[in-house]
1. Here are Val74, Val144, Val140: which of them is among the hydrophobic types (A, V, I, L, M, F, W, C) and farther than 19 Å from Leu178 by Cβ?
2. If I ask for residues that are closer than 23 Å to Val136 by Cα and either modelled with pLDDT of 95 or more or in a loop (DSSP other than H, G, I, E, B) (or both), which ones from region 38-48 would you list?
3. Return the residue satisfying two criteria in turn: it lies in region 98-133 and is of a type in the set (Asp, Glu) and crowded, with 22+ Cβ neighbours inside 10 Å, and of such residues it is nearest to Val173 (Cα to Cα).
4. Which residues, taken from region 161-195, are polar (S, T, N, Q) and at pLDDT 95 or above?
5. All but one of (1) within 18 Å of Arg142 (Cα to Cα); (2) at pLDDT 95 or above; (3) not hydroxyl-bearing (Ser, Thr, Tyr) hold for Ala58; which doesn't?
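The values are calculated or read from the model by the stated rules, or taken from the named source; none is laboratory data. Just so we're clear, the structure is a prediction, and the values are computed from it rather than from any experiment. So basically every Cβ, Gly included, is an ideal-geometry build from the backbone, and we count neighbours across all protein chains shown.
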Amino acid sequence: MPASTACDLQSTISATALRAVRSDEHLSPAHGSQNRGTRIVQNLTSVTDDHYMQLALAEARAAAAEDETPVGAVIVHDDTIIAAAHNQREQLHDPTAHAEMIAITQAAEALASWRLTGCTLYVTLEPCPMCAGAIVQARVPRVVYGAADPKAGAAGSLFSLLDDARLNHRCDVTPGVLAEPCGDILREFFRAKRS
């Protein structure tokens, strides 16, 4: 990937979002999940996982500022952010414009390949079935998510699409990284919508 592409992509994370990341550095990761067959990698999170999840949270905050459901995603390849996105369904009038879907498209363009081997996807909310399907199709080897989604989660909560032996690809899943702030932003958004 050309250096200019990586620089351009990293500049998509606003200075405001990066300040928000720095202000939340005191938060610690919350671990825990329900294992329904998905290969769960627990207690292996690192400062790096926390850092990249903070960047995904910054994207989620950007989504909330645009009155979008606050979910953010970041894809990392060789310690370089190659994609950063947030939900844009309302803005784009596109039911597929989830953070993961947009980030996968950005990453494929950055790598000039549909195969995202060697990448890690960080997302603030457990992927839904649509996004899990795209993750499998893109051959993403590792997914790290924040808040579990008991109503639509496809990485272990409701479905286990990311480790279904009937599919041609499976990936490692690290759940619960910064789960509390990832869940809080969603709860606050929907509480405000209801009031």
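1. Selected residue: Val140, the only one of Val74, Val144, Val140 that is among the hydrophobic types (A, V, I, L, M, F, W, C) and farther than 19 Å from Leu178 by Cβ.
2. Thr38, Arg39, Val41, Gln42, Leu44, Thr45
3. At the first step, the residues of region 98-133 found to be of a type in the set (Asp, Glu) are 100, 109, 126.
In the following step, the residues that additionally are crowded, with 22+ Cβ neighbours inside 10 Å were identified as 100, 126.
Values: Glu100: 15, Glu126: 10 Å.
Of everything passing the filter in region 98-133, Glu126 is nearest to Val173 (Cα to Cα).
4. Keep residues of region 161-195 that are polar (S, T, N, Q), which gives 168, 174, 195.
Hit for region 161-195 is Thr174, nothing else.
5. (1)
Let's see how each residue does on (1) of a type in the set (A, V, I, L, M, F, W, C); (2) buried (at least 24 other Cβ atoms within 10 Å of the Cβ); (3) under 22 Å from His77 (Cβ atoms):
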residue	(1), (2), (3)
Thr96	no, no, no
Val144	yes, yes, yes
Gly153	no, yes, no
Ser160	no, no, no
Asp163	no, no, yes
Glu188	no, no, no
